[in-house]
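Engineer: Mind having a look at this structure? Questions to follow.
The values are calculated or read from the model by the stated rules, or taken from the named source; none is laboratory data. Remember, it's a predicted structure, so these values are computed and weren't measured experimentally. Cβ placement follows ideal geometry from the backbone for every residue including glycine, while neighbour counts extend to all protein chains displayed.
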């Protein structure tokens, strides 16, 4: 019997009352086509296609475009090509397999190009093994936490990216008013972001320095309030809600209105650069102070927040692992209750055996490039750090939709380098081993952050977790094979050493590993300050990871989230009629999900335009000029310099008003 549902149940995004259970879109007792030849083959095609295209765009442009949302949109569209329209659960499997592409690409291009930049030996096999084994670790460590994040934290964590993707898949089933609200959000977001970033009709970034007192504050104390006025961030903020956004921005304000002015005040009279800075603090802008010093404080806070998260979730992991060992040595206990379809994971005994097999694979891999002692260090570093940071990645994606994987990879490379140097391995071989450890861990964390999104989507819609988990390995396998080929071809075509490809994260990793192997000091004090802040946040009952993310992320990325969260709060409280308030908030969620999707799609469009070198043809506010065969930003037009931020503020206010008043149209 076909379901007549056209939307998620009302309790989908709310905390459940004691004793209440969540019934997904497709209930556990319904058998709906899920894993089919169609869903698997199209999912593998998406993994293959998006891995190559995103790797190319990410390395050429310097950012990794979002893959999950475009794949979900394509899944819905492809479903109409067949005589039997694809079921929503087939689309879940397709999206889950295909989205492995973005996670594997992020894990690879943040680290692997650093090997080429430093002139260290590498090849397709090493790239494949680093990303595939790292991806397997990410999946295996996350599965025992699925129930905790998806079920036990239901309604407590916002899951913004999962919300947007789920609404897209639901809209493909329901059509009607829901489809129009989502499509309108995508259209408005696409046009807005094209005008802001592509045409540059106004400044993307608002600093409020057109106000005399704000300009004076910036000059005298390096305190600059910034808002990245983009629709995608506003939509994310609406979905996340006011509470977490307030905590995130509080962390950002501590960094930008606390640490930056203090470092500026204490260091402006110091003669010469103060490590790790490369220029005197007196000559630094607030961005340089943040990048050189304050972001390291944020990394320390993220690390400690992760340790605290591990302590909290440890009972879940211990309980899951104990079940697994019992299954291995005793078999399934007699009389055990039958688990409903929507609660079935891969058996814990299989996960433990999988972890042992992956660890063995890692040992043989590192033995191939070093010796037994350093192979053991490599395995322990990969397994322990992946285990520790998996919770951080999952929490970060669940809270803000952003995975601080580059910061955690930086910690991994620092720790690995310190241990390897202490064990007697340095020079080129030491750099290679440390970077490959970083590549494995980076991929594991990127994959675990991406996969918790897939599992939450499946939880809301009623997919079988075991199917998602099994076939995610297939997506990882295809993506890992393809990303190695893509990076190899791109290096042959452009050469990472030439600087033609941006690869900013990889260049950072290369610089860090080179300085570490040269025995330069590590900024332990800055990391320690951040760790102390995270502990204080925990003692004050403030979510430490959300606060730490705010400290680590640039302020302009978090302030629009707070605006979106505030709009969400206003919509929820726009009427005393609870049912009407819920309808209004749900419509706002649909429009905001469209904003997120529109931003992701336009990001790909703009990246392709830049790649084809046609972006200069539409740039108005900042004309582009040809220098040495390259299109670069020229001097902004006078009107843009004087009024660009004012236009941006006006456009952003109109966008905010659109979300609020459109949400109130719900009846």
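Engineer: Only residues that are under 25 Å from residue 539 (Cβ atoms) and out of contact with any helix residue (DSSP H, G or I) (no Cβ under 8 Å at 6 or more places or on another chain): list them for the range 254-312, please.
Structural biologist: 257, 258, 262, 311, 312
Engineer: I'm trying to understand the selection: among the residues of the range 525-573, which are assigned to a helix (DSSP H, G or I) and closer than 30 Å to residue 116 by Cβ?
Structural biologist: Keep residues of the range 525-573 that are assigned to a helix (DSSP H, G or I), which gives 525-539, 544-552, 555-572.
Within the range 525-573, 526, 527, 552, 557 qualify.
Engineer: Restricting to the range 132-164, count the residues that are over 17 Å from the mean Cα position of the chain (by Cα) and modelled with pLDDT of 90 or more. Before you say what the answer is, go through the steps one by one.
Structural biologist: Within the range 132-164, the subset over 17 Å from the mean Cα position of the chain (by Cα) is 132-133, 136-137, 140-141, 143-148, 150-156.
Imposing the further condition that a residue be modelled with pLDDT of 90 or more reduces the set to 132-133, 136-137, 140.
The number of residues fulfilling the criteria is 5.
Engineer: Can you pull out the residues in the range 259-283 that are in a loop (DSSP other than H, G, I, E, B) and without any contact (Cβ under 8 Å) to a residue 40 or more places away in the chain?
Structural biologist: Pass one, the range 259-283, residues in a loop (DSSP other than H, G, I, E, B): 268-280.
Matches in the range 259-283: 268, 269, 270, 271, 272, 273, 274, 277, 278, 279, 280.
Engineer: So is residue 474 surrounded by 15 or more Cβ atoms within 10 Å (Cβ to Cβ) and modelled with pLDDT of 85 or more or not?
Structural biologist: Values: surrounded by 15 or more Cβ atoms within 10 Å (Cβ to Cβ): yes; modelled with pLDDT of 85 or more: yes.
Yes, satisfied.
Engineer: Could you identify the single residue in 376, 425, 410 that is touching a helix residue (DSSP H, G or I) at 6+ places or on another chain (Cβ under 9 Å) and within 26 Å of residue 552 (Cβ to Cβ)?
Structural biologist: Working: 376 fails: within 26 Å of residue 552 (Cβ to Cβ); 425 fails: within 26 Å of residue 552 (Cβ to Cβ).
Just one listed residue meets the conditions, 410.
Engineer: Could you name every one of the helices (runs of 4 or more DSSP H) located completely within the range 10-118 that has at least 1 residues being within 23 Å of residue 458 (Cβ to Cβ) and at pLDDT below 85? Step through it out loud before you land on a result.
Structural biologist: Details: elements: 37-61, 68-79, 88-98, 100-109, 112-117.
Of the helices (runs of 4 or more DSSP H) lying wholly inside the range 10-118, those with at least 1 residues that are within 23 Å of residue 458 (Cβ to Cβ) and at pLDDT below 85 span 37-61, 68-79, 100-109.
Engineer: Applying the selection to the range 206-234, what residues are touching a strand residue (DSSP E or B) at 6+ places or on another chain (Cβ under 7 Å) and either at pLDDT below 85 or farther than 23 Å from residue 591 by Cα (or both)? It would help to see each step written out before you state the result.
Structural biologist: Narrowing the range 206-234 to residues touching a strand residue (DSSP E or B) at 6+ places or on another chain (Cβ under 7 Å): 206, 226-229.
The answer is 206, 226.
Engineer: All but one of (1) assigned to a helix (DSSP H, G or I); (2) surrounded by fewer than 21 Cβ atoms within 10 Å (Cβ to Cβ); (3) at pLDDT below 85 hold for residue 407; state the number of the condition that does not hold.
Structural biologist: (2) is the only condition that residue 407 fails.
To keep it simple, each residue is scored yes or no on (1) surrounded by fewer than 23 Cβ atoms within 10 Å (Cβ to Cβ); (2) modelled with pLDDT of 85 or more; (3) over 25 Å from the mean Cα position of the chain (by Cα).
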site	(1), (2), (3)
499	yes, no, yes
511	yes, no, no
530	no, yes, no
549	no, no, no
613	yes, no, yes
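Engineer: For the range 452-495, enumerate the residues that are part of a loop (DSSP other than H, G, I, E, B) and within 21 Å of the chain's Cα centre (by Cα).
Structural biologist: First pass over the range 452-495, keeping only residues part of a loop (DSSP other than H, G, I, E, B): 462-464, 495.
Selection gives nothing.
Engineer: If the requirement is being touching a residue at least 40 places away in the same chain (Cβ under 8 Å), in a helix (DSSP H, G or I), under 27 Å from the mean Cα position of the chain (by Cα) and closer than 30 Å to residue 344 by Cβ, which of these qualifies: 310, 289, 299?
Structural biologist: On the way: 289 fails: closer than 30 Å to residue 344 by Cβ; 299 fails: closer than 30 Å to residue 344 by Cβ.
Testing whether each residue is touching a residue at least 40 places away in the same chain (Cβ under 8 Å), in a helix (DSSP H, G or I), under 27 Å from the mean Cα position of the chain (by Cα) and closer than 30 Å to residue 344 by Cβ leaves just 310.
Engineer: Within the bounds of the range 570-585, is there any residue that is under 21 Å from the mean Cα position of the chain (by Cα) and surrounded by 20 or more Cβ atoms within 10 Å (Cβ to Cβ)?
Structural biologist: If we filter the range 570-585 for residues that are under 21 Å from the mean Cα position of the chain (by Cα), which is where we start, we get none.
No, the conditions are met nowhere in the range 570-585.
Engineer: Can you find a residue in the range 202-212 that is assigned to a helix (DSSP H, G or I) and over 24 Å from the mean Cα position of the chain (by Cα)? Let's see the steps before the verdict.
Structural biologist: If we filter the range 202-212 for residues that are assigned to a helix (DSSP H, G or I), which is where we start, we get 212.
In the following step, the residues that additionally are over 24 Å from the mean Cα position of the chain (by Cα) were identified as 212.
Checked the range 202-212: at least one residue is assigned to a helix (DSSP H, G or I) and over 24 Å from the mean Cα position of the chain (by Cα).
Engineer: Only one of these is part of a helix (DSSP H, G or I), free of Cβ contacts under 8 Å to residues at least 12 places away in the same chain and within 30 Å of residue 298 (Cβ to Cβ): 392, 379, 384, 418. Name it. Let's see the steps before the verdict.
Structural biologist: Details: 392 fails: free of Cβ contacts under 8 Å to residues at least 12 places away in the same chain; 379 fails: free of Cβ contacts under 8 Å to residues at least 12 places away in the same chain; 418 fails: free of Cβ contacts under 8 Å to residues at least 12 places away in the same chain.
Only one candidate passes the filter, namely 384.
Engineer: Before we move on, is residue 294 assigned to a loop (DSSP other than H, G, I, E, B), out of contact with any strand residue (DSSP E or B) (no Cβ under 9 Å at 6 or more places or on another chain) and crowded, with 21+ Cβ neighbours inside 10 Å?
Structural biologist: Details: assigned to a loop (DSSP other than H, G, I, E, B): no; out of contact with any strand residue (DSSP E or B) (no Cβ under 9 Å at 6 or more places or on another chain): yes; crowded, with 21+ Cβ neighbours inside 10 Å: yes.
Answer is no for this residue.
Engineer: Among the candidates 115, 129, 94, 120, single out the residue that is touching a helix residue (DSSP H, G or I) at 6+ places or on another chain (Cβ under 8 Å), farther than 30 Å from residue 367 by Cα and touching a residue at least 40 places away in the same chain (Cβ under 8 Å). Explain how you work it out, then say what you get.
Structural biologist: Working: 115 fails: farther than 30 Å from residue 367 by Cα; 129 fails: farther than 30 Å from residue 367 by Cα; 120 fails: farther than 30 Å from residue 367 by Cα.
Unique residue meeting the criteria: 94.
Engineer: Further, regarding this structure: For residue 544, state whether it is at pLDDT 80 or above, closer than 21 Å to residue 408 by Cα, surrounded by fewer than 20 Cβ atoms within 10 Å (Cβ to Cβ) and out of contact with any strand residue (DSSP E or B) (no Cβ under 7 Å at 6 or more places or on another chain). Give the steps one after another, and end with the answer.
Structural biologist: On the way: at pLDDT 80 or above: yes; closer than 21 Å to residue 408 by Cα: yes; surrounded by fewer than 20 Cβ atoms within 10 Å (Cβ to Cβ): no; out of contact with any strand residue (DSSP E or B) (no Cβ under 7 Å at 6 or more places or on another chain): yes.
For residue 544, the condition - at pLDDT 80 or above, closer than 21 Å to residue 408 by Cα, surrounded by fewer than 20 Cβ atoms within 10 Å (Cβ to Cβ) and out of contact with any strand residue (DSSP E or B) (no Cβ under 7 Å at 6 or more places or on another chain) - is not met.
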